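Here the structure is laid out as structure tokens; the discussion comes afterwards.
The values are calculated or read from the model by the stated rules, or taken from the named source; none is laboratory data. In this text, all values refer to a predicted model and were calculated from it rather than measured experimentally. So basically every Cβ, Gly included, is an ideal-geometry build from the backbone, and we count neighbours across all protein chains shown. Surface areas here come from the heavy atoms of the whole protein model, side chains and all, with no ligands, DNA or RNA. Shrake-Rupley method; radii C 1.70, N 1.55, O 1.52, S 1.80 Å.
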Amino acid sequence: DLVTSILTDCDSFQDLTVKIERPTYRKPFLGGFKHRITGVEFHNAGSQTLPKKRPDKGIEVFCRETQTVLEKNKLQQTINTTSTQMTKIGLYVSNMTDKIMRPGKYLTADEYHKRRLEAVIVLQTYFRRWHAINLVQNLREKKRLRLEWEAQDELRKKREKEEKLQSEYRRKLNPRTKEDYELLYRALEVWRQEETERINKSLTGTQRKAALCGLLEQEAKLIASIGRYKLDTDEENRQKTILRFLGKCAEPKRWKAFDGKITEMDTQHTLRARELLEIYRSISMNEIPKEERVDVLLTLRRTVKEHDCKLTQEIVELIDREVDLMMRDVKECNLEGLRKRICTLFLQYIKTPKFNPEVARILKVPPDPLQLYKNVNFCRSCRNYLASSEFAVPASSRTVGRCRLCCQIDNEARKREAFLKYRLMLKNLRESEADYEDDAKIVYLIQQEDMQYMVEKIWDCQSALSACDDLYDLVMARWDKHHEWSPWNTILLTKDEADAHLKLCNLHEAYEAVFIHRIKRKHIQAKKYFAQIPEMASFLHRSGDQAD
């Protein structure tokens, strides 16, 4: 509190106590000055009295600012000044150009609005006509584009089918791989069945037996010609396989850096493998001049003499023999056997890890014989002990069975089926599942025989939607794209149908209940077939939990 004295009369003072209230807010600065030395601020004016609060009426009141409209008076003068003059006494004004104005029919408000409504209807009629013309033109253009696309798509499918048939024909005419010979044997079997059916329908008795014997002889000749051609092809493929094998040994070490660039590095082992590869390629060449052949043999002799063993001694002896025969002008046709022996022994030299350390990581047979017992199975057909990779074991099989080579020979002799379409289907399925990147596992447990069983026994070799039976155009797709592929979560469709199926969000809205029930029955058949496999048990339980 502050006590102050005020003057009441001429000579009398009275003391008054003034209560000072400290404000809780900062006073607005209304002007003043600041002491330069002490820093004290002096304000020109200020108020310490709190504003009087208005009584609360119980009604929410808002503040509204008012703004006065600025008005301005300004005189306007017309550009053209006109006047009117009438006839009067002493003045005649001609009325020849005057017009007589007569009032028209009075127009009521209802009539006016009716006329405006009629005008609006006319405008809407013309606008709707214009809109309909544009809509029809757009539909006609879309139809034209759709028909063009369908025609192009039909031509594309027809062209792809022709190219596929031409490719199969070229592969049968000039086979090079196992798949090509499968197609060739399959064509032979189809021809044999057609000829047998024709003979059974047209001939009887002894004529039929004679025709069947002639057919058997003709089939034997064709099989013999195919076998001779296959021997030549195997020799060519063997040489390519050897060069591919040696090329893998000579490849430099590669790794990917953090920036995505590939770094390559040659080690002493890869350089050694590359040197041996060049020497082998040189000694395998035919029809080279005598001087170059001698230089290659001398280079080979120096290379193998770095290691002294029985194998290298035999190679050196054969090299000296060939050089001696070449100096005596022996014909090259008489040196073919000797040169093949040199190539074979040098290849054996290259495949020895002691002489070529880089080959140890690629050899199928490990250098340590004790490792062979860990992953070896017995083939009951050829009665050989082979690596487990040489056996094609179906997912439903409980025993190892026969090796791949025995299965191939049995197929060529008996059924002569072509499994290329099933291999392609399984390959496309694995590639499509790899694109999902959801750690799918079941698709890699399925083998070619399992895919063949599913396509033939469960899906009847046709699309579930269009019943298309062209296996080269059919693919396996996920029934429910949110779960990984499995034999009980799949559907067999054409490529176009599979693309459209994977774009669906709700299967129950897209397909009818009858179709969904039919697909579920096929899934149950697949579960019964694959339930025998121990590895599939965990996946079956997991799929059951997802269904629940």
Q | Rounded accessible area per residue of the chain, 1.4 Å, Å² | A | 77 Å²
Q.
Taking the alpha-carbon distance from Lys34 and a cut-off under 30 Å, which lysines remain once sequence neighbours fewer than 8 residues away in the same chain are dropped?
A. Lys19
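Using packing as a proxy for protection, rank 114-123, 399-408 so that the peptide with the highest average count of other Cβ atoms within 10 Å comes first.
399-408, 114-123
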Q: Could you grab the relative contact order for the chain? Cα pairs under 8 Å, six or more apart, rounded to a whole percent.
A: 7 percent
Q.
Straight-line reach only, C-alpha to C-alpha below 27 angstrom: list the lysines that Lys209 could link to, leaving out same-chain residues fewer than 8 apart.
A. Lys201, Lys221, Lys415
Q | Carbon/sulfur fraction of accessible area - the range 418-545, other protein chains in place, 1.4 Å, % | A | 51 percent
Q. What list of ³J(HN,Hα) values in whole Hz, one per residue of the range 253-258 in order, does the Karplus curve 6.51 cos²θ - 1.76 cosθ + 1.60 (θ = phi - 60°) give from phi, with Gly and Pro shown as x?
A. 6, 10, 8, 9, 7, 5
Q | Options [x] -0.90, -1.18; [y] -0.34, -0.58; [z] -0.57, -0.77 - which one matches log10 I(q)/I(0) by the Debye sum over Cα atoms at q = 0.05, 0.07 Å⁻¹ as calculated here | A | [z]
**Q.** Amide H partners (placed H, <5 Å) of Cys468, local residues excluded
**A.** Ser463
(Q) What lysines does Lys364 reach when the alpha-carbon gap must be under 23 Å and sequence neighbours fewer than 8 apart in one chain are set aside? (A) Lys178, Lys240, Lys248, Lys253, Lys351, Lys354, Lys374
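Just order 134-143, 89-98 by mean Cβ neighbour count inside 10 Å, highest at the front, would you? Intermediate values should be presented prior to the final figure.
On the way: 134-143: 10.0, 89-98: 6.7.
Result, highest mean Cβ count within 10 Å first: 134-143, 89-98.
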Q. Which order do peptides 295-302, 157-164 fall in by mean Cβ count within 10 Å, highest first?
A. 295-302, 157-164
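Please identify every one of the trypsin sites (Lys or Arg not before Pro) in the range 205-292 that sits in a loop by DSSP and has no more than 13 other beta carbons within 10 Å of its own beta carbon. Don't jump to the answer; show the numbers that get you there.
Working: sites: Arg208, Lys209, Lys221, Arg228, Lys230, Arg238, Lys240, Arg244, Lys248, Lys253, Arg254, Lys256, Lys261, Arg272, Arg274, Arg281, Lys290; in loops: Lys261.
Answer by residue number: Lys261.
Would you mind calculating the relative contact order of the range 262-363 from Cα pairs under 8 angstrom and at least 6 residues apart, reporting the percent as a whole number?
Values: 58 pairs, mean separation 32.1, N = 102.
After rounding, I find 31 percent.
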